[in-house]
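Asker: For reference, the structure I am asking about is given below.
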Amino acid sequence: MQTITVIGAGSWGTALAFVLAENDHNTLIWSHRQSQSDEINSHHTNSKYLPDRLLPESLKATSDLQQAIAHSDVIVLAVPTKAFREVISNFMPFLNTPKTFVHVSKGIEPDSLKRISEIMEEEIPAELRSSIVVLSGPSHAEEVVLKHPTTVTVASTDIEAAKKIQDLFMNHYFRVYTNEDIIGVELGGSLKNVIALAAGIVDGLGYGDNAKAALITRGLAEISRLGIQMGAEPYTFIGLTGMGDLIVTCTSVHSRNWRAGNLLGKGNSLEEVLEDMGMVVEGVRTTKAAYQLSQKYDIEMPITTALYKVLFEGLTPKEGVDQLMLRTKKHELEDFKSF
Ligand SMILES: NC(=O)C1=CN([C@@H]2O[C@H](COP(=O)(O)OP(=O)(O)OC[C@H]3O[C@@H](n4cnc5c(N)ncnc54)[C@H](OP(=O)(O)O)[C@@H]3O)[C@@H](O)[C@H]2O)C=CC1
Ligand SMILES: O=C(CO)COP(=O)(O)O
(Lines give C-alpha, C1' and ligand atoms only; values in the text may rest on other atoms or scores of the structure.)
(Ligands and ions follow the chains in the order given, each with its own letter.)
Protein backbone atom coordinates (compact mmCIF):
# COMPACT_ATOMS: atom_id res chain seq x y z
CA MET A 1 0.00 0.00 0.00
CA GLN A 2 1.19 3.49 -0.92
CA THR A 3 0.08 6.92 0.22
CA ILE A 4 -1.05 9.19 -2.65
CA THR A 5 -2.59 12.64 -3.04
CA VAL A 6 -4.77 13.69 -5.96
CA ILE A 7 -5.08 17.45 -6.47
CA GLY A 8 -8.33 18.34 -8.25
CA ALA A 9 -11.72 16.72 -7.72
CA GLY A 10 -13.30 17.08 -11.14
CA SER A 11 -14.22 14.11 -13.33
CA TRP A 12 -10.70 12.85 -13.98
CA GLY A 13 -9.14 13.51 -10.56
CA THR A 14 -12.05 11.69 -8.92
CA ALA A 15 -11.92 8.74 -11.34
CA LEU A 16 -8.17 8.31 -10.81
CA ALA A 17 -8.57 8.59 -7.04
CA PHE A 18 -11.27 5.91 -7.37
CA VAL A 19 -8.76 3.58 -9.08
CA LEU A 20 -6.02 4.28 -6.54
CA ALA A 21 -8.32 3.75 -3.56
CA GLU A 22 -9.64 0.56 -5.13
CA ASN A 23 -6.01 -0.59 -5.44
CA ASP A 24 -5.85 -0.25 -1.62
CA HIS A 25 -3.66 2.83 -1.62
CA ASN A 26 -4.16 5.37 1.14
CA THR A 27 -5.59 8.04 -1.17
CA LEU A 28 -6.49 11.63 -0.31
CA ILE A 29 -8.21 13.86 -2.88
CA TRP A 30 -8.10 17.64 -2.62
CA SER A 31 -10.94 19.85 -3.81
CA HIS A 32 -10.81 23.61 -3.65
CA ARG A 33 -14.46 23.45 -2.51
CA GLN A 34 -15.12 22.48 1.10
CA SER A 35 -18.67 21.37 0.22
CA GLN A 36 -17.28 18.89 -2.30
CA SER A 37 -14.72 17.35 0.06
CA ASP A 38 -17.46 17.12 2.72
CA GLU A 39 -19.70 15.31 0.22
CA ILE A 40 -16.96 12.81 -0.66
CA ASN A 41 -16.20 12.13 3.02
CA SER A 42 -19.82 11.87 4.17
CA HIS A 43 -21.67 10.40 1.20
CA HIS A 44 -18.83 8.88 -0.88
CA THR A 45 -20.12 10.64 -3.98
CA ASN A 46 -19.07 13.51 -6.26
CA SER A 47 -22.48 14.36 -7.65
CA LYS A 48 -21.38 17.31 -9.81
CA TYR A 49 -18.79 15.38 -11.81
CA LEU A 50 -19.64 11.68 -11.54
CA PRO A 51 -23.34 11.51 -10.69
CA ASP A 52 -24.79 8.17 -9.53
CA ARG A 53 -21.38 6.64 -8.77
CA LEU A 54 -20.42 5.48 -5.31
CA LEU A 55 -16.76 6.09 -4.47
CA PRO A 56 -14.73 3.72 -2.28
CA GLU A 57 -15.29 4.47 1.42
CA SER A 58 -11.53 4.39 1.93
CA LEU A 59 -11.14 7.45 -0.35
CA LYS A 60 -10.74 10.53 1.86
CA ALA A 61 -11.06 14.14 0.77
CA THR A 62 -9.84 17.47 2.06
CA SER A 63 -9.97 21.10 1.04
CA ASP A 64 -6.86 21.85 3.11
CA LEU A 65 -4.01 22.16 0.60
CA GLN A 66 -1.31 21.96 3.27
CA GLN A 67 -2.72 18.67 4.54
CA ALA A 68 -3.03 17.37 0.98
CA ILE A 69 0.61 18.08 0.15
CA ALA A 70 1.91 16.74 3.47
CA HIS A 71 -0.08 13.50 3.01
CA SER A 72 2.17 11.91 0.39
CA ASP A 73 5.36 11.88 -1.64
CA VAL A 74 3.35 11.15 -4.80
CA ILE A 75 1.17 14.02 -5.97
CA VAL A 76 -1.22 13.54 -8.90
CA LEU A 77 -2.23 16.87 -10.44
CA ALA A 78 -5.65 16.75 -12.12
CA VAL A 79 -6.76 20.31 -12.72
CA PRO A 80 -7.44 22.03 -16.07
CA THR A 81 -4.38 23.41 -17.87
CA LYS A 82 -5.62 26.95 -17.26
CA ALA A 83 -5.47 26.45 -13.46
CA PHE A 84 -2.05 24.78 -13.38
CA ARG A 85 0.21 27.69 -12.50
CA GLU A 86 -2.22 29.01 -9.90
CA VAL A 87 -2.61 25.64 -8.17
CA ILE A 88 1.16 25.08 -8.05
CA SER A 89 1.80 28.54 -6.65
CA ASN A 90 -0.87 27.91 -3.99
CA PHE A 91 0.82 24.71 -2.78
CA MET A 92 4.43 25.85 -3.09
CA PRO A 93 4.54 27.30 0.46
CA PHE A 94 3.73 23.78 1.76
CA LEU A 95 6.22 21.88 -0.37
CA ASN A 96 9.32 21.25 1.73
CA THR A 97 10.60 17.90 0.47
CA PRO A 98 11.02 16.52 -3.07
CA LYS A 99 7.99 14.64 -4.40
CA THR A 100 7.07 12.69 -7.50
CA PHE A 101 4.57 14.69 -9.52
CA VAL A 102 2.17 12.98 -11.93
CA HIS A 103 0.10 15.20 -14.19
CA VAL A 104 -2.92 14.02 -16.14
CA SER A 105 -3.99 17.19 -17.93
CA LYS A 106 -4.31 17.53 -21.69
CA GLY A 107 -3.51 21.02 -22.84
CA ILE A 108 -0.85 23.43 -24.09
CA GLU A 109 -0.57 26.94 -22.73
CA PRO A 110 -1.25 29.61 -25.39
CA ASP A 111 1.43 32.28 -25.92
CA SER A 112 4.11 30.58 -23.79
CA LEU A 113 3.46 27.40 -25.87
CA LYS A 114 4.53 25.30 -22.90
CA ARG A 115 3.49 21.71 -22.33
CA ILE A 116 2.34 20.95 -18.78
CA SER A 117 5.58 19.23 -17.77
CA GLU A 118 7.45 22.34 -18.91
CA ILE A 119 5.16 24.52 -16.78
CA MET A 120 5.91 22.21 -13.84
CA GLU A 121 9.65 22.50 -14.44
CA GLU A 122 9.27 26.26 -14.45
CA GLU A 123 7.09 26.50 -11.35
CA ILE A 124 8.51 23.77 -9.09
CA PRO A 125 12.21 24.12 -8.22
CA ALA A 126 14.30 21.08 -9.25
CA GLU A 127 15.26 20.28 -5.66
CA LEU A 128 11.55 19.89 -4.73
CA ARG A 129 10.60 17.39 -7.44
CA SER A 130 12.03 13.87 -7.69
CA SER A 131 10.46 13.31 -11.10
CA ILE A 132 7.67 14.38 -13.40
CA VAL A 133 5.41 11.74 -14.94
CA VAL A 134 2.50 12.25 -17.32
CA LEU A 135 -0.47 9.88 -17.45
CA SER A 136 -2.47 10.04 -20.69
CA GLY A 137 -4.47 7.91 -23.10
CA PRO A 138 -7.99 7.03 -24.21
CA SER A 139 -9.86 7.17 -20.92
CA HIS A 140 -13.21 8.77 -20.20
CA ALA A 141 -13.70 9.13 -16.45
CA GLU A 142 -17.31 7.97 -16.75
CA GLU A 143 -16.17 4.55 -18.07
CA VAL A 144 -13.26 4.16 -15.65
CA VAL A 145 -15.58 4.39 -12.63
CA LEU A 146 -17.78 1.73 -14.24
CA LYS A 147 -14.60 -0.40 -14.29
CA HIS A 148 -14.77 -0.80 -18.04
CA PRO A 149 -11.44 -1.94 -19.51
CA THR A 150 -9.21 1.09 -20.06
CA THR A 151 -5.61 1.48 -21.22
CA VAL A 152 -3.33 4.46 -20.61
CA THR A 153 0.36 5.34 -20.86
CA VAL A 154 2.62 6.86 -18.21
CA ALA A 155 5.57 8.74 -19.66
CA SER A 156 8.66 10.17 -18.09
CA THR A 157 12.27 10.74 -19.02
CA ASP A 158 12.85 8.90 -15.72
CA ILE A 159 11.61 5.44 -16.74
CA GLU A 160 11.96 4.05 -13.20
CA ALA A 161 9.57 6.73 -11.96
CA ALA A 162 7.15 5.84 -14.78
CA LYS A 163 7.30 2.17 -13.75
CA LYS A 164 6.56 3.13 -10.14
CA ILE A 165 3.45 5.02 -11.22
CA GLN A 166 2.46 2.15 -13.54
CA ASP A 167 2.45 -0.15 -10.49
CA LEU A 168 0.26 2.21 -8.47
CA PHE A 169 -2.53 2.39 -11.05
CA MET A 170 -2.51 -1.07 -12.70
CA ASN A 171 -5.45 -3.38 -12.05
CA HIS A 172 -7.80 -5.68 -13.96
CA TYR A 173 -9.74 -2.84 -15.61
CA PHE A 174 -7.00 -0.18 -15.77
CA ARG A 175 -3.96 -1.29 -17.78
CA VAL A 176 -0.96 1.03 -17.83
CA TYR A 177 1.93 1.10 -20.34
CA THR A 178 5.18 3.04 -20.03
CA ASN A 179 6.94 5.32 -22.53
CA GLU A 180 9.95 7.66 -22.28
CA ASP A 181 8.58 10.05 -24.90
CA ILE A 182 7.04 12.71 -22.70
CA ILE A 183 6.94 15.23 -25.58
CA GLY A 184 4.95 12.92 -27.86
CA VAL A 185 2.63 11.77 -25.09
CA GLU A 186 1.82 15.32 -23.97
CA LEU A 187 1.38 16.62 -27.52
CA GLY A 188 -0.83 13.70 -28.59
CA GLY A 189 -3.08 14.09 -25.54
CA SER A 190 -3.45 17.84 -26.00
CA LEU A 191 -3.77 18.12 -29.76
CA LYS A 192 -6.39 15.38 -30.06
CA ASN A 193 -8.76 17.78 -28.26
CA VAL A 194 -8.47 20.18 -31.21
CA ILE A 195 -9.42 17.42 -33.63
CA ALA A 196 -12.25 16.28 -31.33
CA LEU A 197 -13.77 19.77 -31.41
CA ALA A 198 -13.62 19.61 -35.21
CA ALA A 199 -15.17 16.11 -35.18
CA GLY A 200 -18.03 17.41 -33.04
CA ILE A 201 -18.53 20.26 -35.48
CA VAL A 202 -18.85 17.96 -38.51
CA ASP A 203 -21.33 15.81 -36.60
CA GLY A 204 -23.25 18.96 -35.62
CA LEU A 205 -23.34 19.99 -39.27
CA GLY A 206 -24.95 16.65 -40.06
CA TYR A 207 -22.05 15.17 -42.02
CA GLY A 208 -21.38 11.46 -41.74
CA ASP A 209 -18.78 8.89 -40.82
CA ASN A 210 -16.66 9.62 -43.89
CA ALA A 211 -16.00 13.14 -42.66
CA LYS A 212 -15.23 11.87 -39.15
CA ALA A 213 -12.75 9.28 -40.40
CA ALA A 214 -11.12 11.94 -42.56
CA LEU A 215 -10.67 14.23 -39.56
CA ILE A 216 -9.23 11.50 -37.34
CA THR A 217 -6.77 10.36 -39.98
CA ARG A 218 -5.70 13.72 -41.34
CA GLY A 219 -5.75 15.05 -37.76
CA LEU A 220 -3.22 12.40 -36.83
CA ALA A 221 -1.12 13.45 -39.84
CA GLU A 222 -0.92 17.08 -38.75
CA ILE A 223 -0.39 16.23 -35.08
CA SER A 224 2.48 13.94 -36.08
CA ARG A 225 4.01 16.53 -38.43
CA LEU A 226 4.16 19.09 -35.64
CA GLY A 227 5.15 16.61 -32.95
CA ILE A 228 8.06 15.17 -34.90
CA GLN A 229 9.32 18.67 -35.57
CA MET A 230 9.11 19.37 -31.82
CA GLY A 231 11.21 16.32 -30.96
CA ALA A 232 8.61 13.59 -30.34
CA GLU A 233 9.09 9.95 -31.36
CA PRO A 234 7.01 9.30 -34.51
CA TYR A 235 5.66 5.96 -33.24
CA THR A 236 4.15 7.56 -30.15
CA PHE A 237 1.45 9.07 -32.38
CA ILE A 238 0.13 5.68 -33.49
CA GLY A 239 -0.06 4.57 -29.86
CA LEU A 240 -2.60 5.01 -27.09
CA THR A 241 -1.90 8.67 -26.51
CA GLY A 242 -2.08 9.51 -30.22
CA MET A 243 -4.41 7.46 -32.40
CA GLY A 244 -6.01 5.82 -29.34
CA ASP A 245 -7.06 9.07 -27.74
CA LEU A 246 -8.13 10.55 -31.07
CA ILE A 247 -10.54 7.66 -31.58
CA VAL A 248 -12.05 7.81 -28.11
CA THR A 249 -12.42 11.58 -28.05
CA CYS A 250 -13.70 12.06 -31.60
CA THR A 251 -16.31 9.31 -31.39
CA SER A 252 -17.71 9.49 -27.87
CA VAL A 253 -20.59 11.46 -26.40
CA HIS A 254 -18.61 11.45 -23.13
CA SER A 255 -16.08 13.83 -24.67
CA ARG A 256 -16.60 17.43 -23.60
CA ASN A 257 -14.57 18.56 -26.61
CA TRP A 258 -16.73 16.57 -29.02
CA ARG A 259 -19.91 17.82 -27.32
CA ALA A 260 -18.74 21.44 -27.48
CA GLY A 261 -17.89 21.04 -31.16
CA ASN A 262 -21.27 19.43 -31.79
CA LEU A 263 -23.06 22.45 -30.31
CA LEU A 264 -20.91 24.79 -32.40
CA GLY A 265 -21.76 22.81 -35.53
CA LYS A 266 -25.44 23.18 -34.67
CA GLY A 267 -25.06 26.95 -34.72
CA ASN A 268 -24.42 27.94 -31.10
CA SER A 269 -21.84 30.60 -30.29
CA LEU A 270 -18.61 29.70 -28.46
CA GLU A 271 -19.74 31.70 -25.41
CA GLU A 272 -23.09 29.86 -25.28
CA VAL A 273 -21.36 26.51 -25.65
CA LEU A 274 -18.79 27.07 -22.89
CA GLU A 275 -21.50 28.31 -20.53
CA ASP A 276 -23.56 25.23 -21.31
CA MET A 277 -20.73 22.72 -20.68
CA GLY A 278 -19.95 23.45 -17.00
CA MET A 279 -16.75 21.38 -17.32
CA VAL A 280 -13.40 22.06 -18.89
CA VAL A 281 -13.18 22.08 -22.72
CA GLU A 282 -9.39 22.01 -23.07
CA GLY A 283 -9.46 22.08 -26.87
CA VAL A 284 -10.48 25.73 -27.11
CA ARG A 285 -7.33 27.18 -25.54
CA THR A 286 -5.22 24.43 -27.06
CA THR A 287 -6.47 25.34 -30.56
CA LYS A 288 -4.96 28.77 -30.05
CA ALA A 289 -1.70 27.25 -28.80
CA ALA A 290 -1.60 24.71 -31.64
CA TYR A 291 -2.20 27.40 -34.23
CA GLN A 292 0.64 29.44 -32.72
CA LEU A 293 2.89 26.36 -32.72
CA SER A 294 2.11 25.66 -36.39
CA GLN A 295 3.25 29.18 -37.19
CA LYS A 296 6.32 29.01 -34.96
CA TYR A 297 7.51 25.72 -36.49
CA ASP A 298 6.17 26.54 -39.97
CA ILE A 299 4.17 23.30 -40.11
CA GLU A 300 0.98 23.02 -42.14
CA MET A 301 -1.92 22.20 -39.80
CA PRO A 302 -5.01 22.77 -41.95
CA ILE A 303 -7.61 21.37 -39.53
CA THR A 304 -6.17 23.35 -36.61
CA THR A 305 -6.06 26.49 -38.75
CA ALA A 306 -9.66 26.11 -39.94
CA LEU A 307 -10.83 25.52 -36.38
CA TYR A 308 -8.85 28.51 -35.11
CA LYS A 309 -10.65 30.69 -37.66
CA VAL A 310 -14.03 29.27 -36.64
CA LEU A 311 -13.40 29.76 -32.91
CA PHE A 312 -11.66 33.12 -32.97
CA GLU A 313 -12.12 34.83 -36.34
CA GLY A 314 -15.78 34.40 -37.21
CA LEU A 315 -15.47 31.79 -39.98
CA THR A 316 -18.63 29.65 -40.02
CA PRO A 317 -18.23 25.88 -39.44
CA LYS A 318 -19.52 25.19 -42.97
CA GLU A 319 -16.99 27.61 -44.46
CA GLY A 320 -14.28 25.91 -42.39
CA VAL A 321 -15.12 22.49 -43.87
CA ASP A 322 -15.28 23.94 -47.40
CA GLN A 323 -11.84 25.51 -46.97
CA LEU A 324 -10.40 22.15 -45.90
CA MET A 325 -11.95 20.27 -48.82
CA LEU A 326 -10.82 22.81 -51.43
CA ARG A 327 -7.16 23.00 -50.45
CA THR A 328 -4.56 22.44 -53.12
CA LYS A 329 -3.87 18.85 -54.21
CA LYS A 330 -1.52 16.82 -51.97
CA HIS A 331 0.27 13.50 -51.81
CA GLU A 332 -1.14 11.58 -48.84
CA LEU A 333 2.25 10.83 -47.31
CA GLU A 334 3.82 14.22 -47.96
CA ASP A 335 6.24 15.04 -45.10
CA PHE A 336 6.40 11.39 -43.99
CA LYS A 337 8.50 10.00 -46.83
CA SER A 338 11.65 9.93 -44.71
CA PHE A 339 10.12 7.80 -41.90
N1 LIG B 1 -12.63 13.81 -17.73
C2 LIG B 1 -11.90 12.88 -18.34
O3 LIG B 1 -12.40 11.81 -18.69
C4 LIG B 1 -10.45 13.13 -18.62
C5 LIG B 1 -9.86 14.37 -18.40
N6 LIG B 1 -8.53 14.55 -18.65
C7 LIG B 1 -7.87 15.82 -18.41
O8 LIG B 1 -7.84 16.07 -17.00
C9 LIG B 1 -7.79 17.48 -16.76
C10 LIG B 1 -8.86 17.81 -15.73
O11 LIG B 1 -10.08 17.52 -16.36
P12 LIG B 1 -11.41 17.09 -15.64
O13 LIG B 1 -11.20 16.55 -14.29
O14 LIG B 1 -12.13 16.25 -16.59
O15 LIG B 1 -12.10 18.53 -15.57
P16 LIG B 1 -13.45 18.93 -14.84
O17 LIG B 1 -13.97 20.13 -15.52
O18 LIG B 1 -14.31 17.73 -14.72
O19 LIG B 1 -12.96 19.31 -13.36
C20 LIG B 1 -11.98 20.29 -13.14
C21 LIG B 1 -11.71 20.35 -11.65
O22 LIG B 1 -10.67 21.31 -11.41
C23 LIG B 1 -11.17 22.27 -10.49
N24 LIG B 1 -10.55 23.57 -10.73
C25 LIG B 1 -10.74 24.42 -11.76
N26 LIG B 1 -9.99 25.52 -11.61
C27 LIG B 1 -9.35 25.38 -10.43
C28 LIG B 1 -8.44 26.19 -9.70
N29 LIG B 1 -8.03 27.38 -10.17
N30 LIG B 1 -7.98 25.74 -8.51
C31 LIG B 1 -8.38 24.54 -8.04
N32 LIG B 1 -9.22 23.71 -8.67
C33 LIG B 1 -9.69 24.13 -9.86
C34 LIG B 1 -12.66 22.31 -10.76
O35 LIG B 1 -13.34 22.91 -9.68
P36 LIG B 1 -14.82 23.57 -9.86
O37 LIG B 1 -15.79 22.46 -9.73
O38 LIG B 1 -14.89 24.55 -8.76
O39 LIG B 1 -14.87 24.22 -11.22
C40 LIG B 1 -12.93 20.82 -10.88
O41 LIG B 1 -12.94 20.20 -9.61
C42 LIG B 1 -8.03 18.15 -18.11
O43 LIG B 1 -6.82 18.62 -18.61
C44 LIG B 1 -8.57 17.03 -19.00
O45 LIG B 1 -8.20 17.20 -20.36
C46 LIG B 1 -7.75 13.52 -19.11
C47 LIG B 1 -8.29 12.28 -19.34
C48 LIG B 1 -9.69 11.99 -19.12
O1 LIG C 1 -9.21 13.01 -22.72
C2 LIG C 1 -10.28 12.45 -22.63
C3 LIG C 1 -10.45 11.02 -22.92
O4 LIG C 1 -9.24 10.38 -23.16
C5 LIG C 1 -11.47 13.23 -22.23
O6 LIG C 1 -11.80 14.06 -23.28
P7 LIG C 1 -12.70 15.33 -23.06
O8 LIG C 1 -11.91 16.33 -22.25
O9 LIG C 1 -13.06 15.82 -24.41
O10 LIG C 1 -13.94 14.89 -22.29
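Asker: I'd like to check something: does the range 155-163 contain any residue that is in the same structural domain as ARG53 (by TED's automatic domain parsing) and either within 16 Å of ligand 1 (Cβ to nearest atom) or among the aromatic types (Phe, Trp, Tyr) (or both)? Can you show your working first?
Answerer: Restricting attention to the range 155-163, the residues satisfying the condition of being in the same structural domain as ARG53 (by TED's automatic domain parsing) are 155-163.
Subsequent filtering for residues that are either within 16 Å of ligand 1 (Cβ to nearest atom) or among the aromatic types (Phe, Trp, Tyr) (or both) retains 155.
Checked the range 155-163: at least one residue is in the same structural domain as ARG53 (by TED's automatic domain parsing) and either within 16 Å of ligand 1 (Cβ to nearest atom) or among the aromatic types (Phe, Trp, Tyr) (or both).
Asker: Count, please, the residues in the range 19-56 that happen to be in contact with a strand residue (DSSP E or B) (Cβ under 8 Å, 6 or more places away or on another chain), within 16 Å of ligand 1 (Cβ to nearest atom) and open to solvent by less than 30 Å² (accessible area, probe 1.4 Å).
Answerer: Qualifying residue count, the range 19-56: 10.
Asker: Quickly run through the range 89-112 and pick out the residues that are under 23 Å from LEU168 (Cα atoms) and free of Cβ contacts under 8 Å to residues at least 40 places away in the same chain.
Answerer: The answer is LEU95, THR97, PRO98, LYS99, PHE101, HIS103.
Asker: Okay, moving on. Working only within the range 255-286, note down all residues that are in a loop (DSSP other than H, G, I, E, B), near ligand 2 (Cβ under 8 Å from one of its atoms) and either of a type in the set (Asp, Glu) or modelled with pLDDT under 95 (or both). Please lay out each step first, then the result.
Answerer: As a first pass, look at the range 255-286 and keep what is in a loop (DSSP other than H, G, I, E, B): 255, 266-269, 278-281.
With near ligand 2 (Cβ under 8 Å from one of its atoms) added as a condition, the list becomes 255, 279-281.
Result: MET279, VAL280.
Asker: Further question: Of the residues PHE336, PHE312, only one is exposed (fewer than 15 other Cβ atoms within 10 Å of the Cβ) and touching a residue at least 60 places away in the same chain (Cβ under 8 Å); which? Walk me through it before giving the result.
Answerer: On the way: PHE312 fails: touching a residue at least 60 places away in the same chain (Cβ under 8 Å).
Step by step, each of PHE336, PHE312 is checked, and only PHE336 is exposed (fewer than 15 other Cβ atoms within 10 Å of the Cβ) and touching a residue at least 60 places away in the same chain (Cβ under 8 Å).
Asker: Next question. I'd like to know if the range 158-172 contains one or more residues that are without any contact (Cβ under 8 Å) to a residue 40 or more places away in the chain, crowded, with 24+ Cβ neighbours inside 10 Å and not in a helix (DSSP H, G or I).
Answerer: No: the range 158-172 contains no residue that is without any contact (Cβ under 8 Å) to a residue 40 or more places away in the chain, crowded, with 24+ Cβ neighbours inside 10 Å and not in a helix (DSSP H, G or I).
Asker: Would it be correct to say that GLU118 is out of contact with any helix residue (DSSP H, G or I) (no Cβ under 9 Å at 6 or more places or on another chain) and closer than 30 Å to ASP181 by Cβ?
Answerer: Details: out of contact with any helix residue (DSSP H, G or I) (no Cβ under 9 Å at 6 or more places or on another chain): no; closer than 30 Å to ASP181 by Cβ: yes.
So GLU118 fails the test.
Asker: Restricting attention to the range 173-202, report how many residues are polar (S, T, N, Q) and open to solvent by less than 10 Å² (accessible area, probe 1.4 Å). Step through it out loud before you land on a result.
Answerer: Step one: list which residues in the range 173-202 are polar (S, T, N, Q), which gives 178-179, 190, 193.
Among the residues that remain, those that are also open to solvent by less than 10 Å² (accessible area, probe 1.4 Å) are: 190, 193.
So the count comes out to 2.
Asker: Restricted to the range 69-88, and to residues that are more than 9 Å from ligand 1 (Cβ to nearest atom) and free of Cβ contacts under 8 Å to residues at least 60 places away in the same chain, which residue is farthest from ALA155 (Cα to Cα)?
Answerer: Checked the range 69-88; the qualifying residue farthest from ALA155 (Cα to Cα) is ALA70.
Asker: Between a first residue in the range 249-274 that is in contact (Cβ under 8 Å) with a residue 60 or more places away in the chain and closer than 11 Å to HIS140 by Cβ and a second residue that is open to solvent by 70 Å² or more (accessible area, probe 1.4 Å) and within 13 Å of ligand 2 (Cβ to nearest atom), which pairs have beta carbons less than 9 Å apart while being 6 or more apart in sequence or on different chains?
Answerer: The qualifying pairs are TRP258/THR251.
Asker: Take the conditions open to solvent by 10 Å² or more (accessible area, probe 1.4 Å) and in contact with a Pro (Cβ under 7 Å, 6 or more places away or on another chain) and apply them to GLY278. Does it pass?
Answerer: no
Asker: Would you point out the residue of the range 133-157, among those that are without any contact (Cβ under 8 Å) to a residue 40 or more places away in the chain and touching a helix residue (DSSP H, G or I) at 6+ places or on another chain (Cβ under 7 Å), that is farthest from VAL102 (Cα to Cα)?
Answerer: THR150
The values are calculated or read from the model by the stated rules, or taken from the named source; none is laboratory data. If you're wondering where the values come from, they're calculated on a predicted model, not measured in any experiment. Cβ sites come from the backbone with ideal geometry, for glycine too, and all protein chains shown count toward neighbours. Please note that ligands, DNA and RNA were not included when accessible areas were found on the heavy atoms of the full protein model with its side chains. Shrake-Rupley method; radii C 1.70, N 1.55, O 1.52, S 1.80 Å.
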